[in-house]
Amino acid sequence: MATIDVAGVQAVVDELQRIETDASRYGPRGNSDGLACFDFLYTIITSDVLTCVDGTNLAASDPRFHDRAFMAAFDIAFADRYFDAIGCGQPEAWQPKCWKVLLDHREDPDLSPLMFAVAGVNAHVNFDLPFAVVRACIQMGCQLDSGTNHADYQMINDIFAEHMQQLRQHFESRFARDFDSSLVAKAENLLGDLVVIVARDLAWRKALQLWRFHADEAKMTKVAKSRDRWVALATQGLFALDRIPTMTTNALAAVPGLGWIRRPGAVS
């Protein structure tokens, strides 16, 4: 029976908490720092995964993984890709553009905390996830579609569903801009249960495709770079949409007679 690396998953949670604390403490935007926003969400989800991997203190609503050893290996492989991409892990041969977009704009005052979280989910699920699943299977010496791998993988959806409302409320409480109500609804949908489930399902299907040539490192890298480009473009599009409320407010505030409109970040 494979060893369940509970300590490894605990180390992931500890590192996520350190990253969020440092980003919130030292960044000019505090807990609205772009990396801190995504890291908060990631820490909540991974803390629950840790509970389920450990298996000794489960609540009634917690998923019961069939293969806790596989899920521990998967969780660690998934987090390692994030740590490497943001410069907290092993040096990479190339930095994924989808993560660079978030890091380059993490201090942008015109971007909302909720959209940073959405951008992080976009990069981590749509780019990192299929490659992490493949890596975990290689490490565990199993076929990707064997045993209970897919069933356990799908149980993460239950963890997202359990916390989604809490996460939405957390980010909504930090909106301080005008004209944001419709944008909040759109961003909520992007972080909603159904969208996350669909994205994770597509990531599994991509992992099945990758598995056919997982031993061909050159081909895996070529596919990764291609996938990275469109995920980065999606994040750039999300950021462009998120700036519209601020741009609208600034334009209206500059119109003679409309000076009563509060500019974003202005003190009342």
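The values are calculated or read from the model by the stated rules, or taken from the named source; none is laboratory data. As the structure is a prediction and not an experimental result, all values here were calculated from the model. Cβ coordinates were reconstructed from backbone atoms using ideal geometry, including for glycine residues, and neighbour counts include every protein chain displayed. Quick note on the areas: whole protein, heavy atoms, side chains included, nothing else; ligands and nucleic acids left out. Shrake-Rupley method; radii C 1.70, N 1.55, O 1.52, S 1.80 Å.
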Efficiency of FRET between His150 and Cys88 - r from beta-carbon atoms, R0 35 angstrom, step 0.05: 0.75
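What accessible area per residue comes out for segment 1-150, rounded to a whole number of Å², with a 1.4 Å probe? Let's see the in-between values first.
Details: 6140 Å² over 150 residues.
Here the residues of segment 1-150 average 41 Å² of exposed surface.
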Find the Cα radius of gyration of segment 18-159, compare it with 2.2 N^0.38 Å by division, and give the number to two decimals. 1.11
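If R0 is 45 Å, what FRET efficiency do you get for Arg18 and Arg212 from their C-beta distance, rounded to 0.05?
0.75
Could you give the length gained on full extension between Gln95 and Gln143, defined as 0.36 nm per residue of separation minus the Cα-Cα distance, in nm?
Values: separation 48, 0.36 × 48 = 17.28 nm, distance 2.84 nm.
Difference between extended and current length: 14.4 nm.
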Using a 1.4 Å probe on the protein chains only, how many percent of the accessible area of segment 1-62 belongs to carbon and sulfur? 50 percent
Hey, rough spin-label estimate for Leu103 and Val6, points 7 angstrom out along Cα→Cβ, what's it come to in nanometres? 3.4 nm
Peptides 62-72, 149-159 ordered by average Cβ neighbours within 10 Å, highest first: 62-72, 149-159
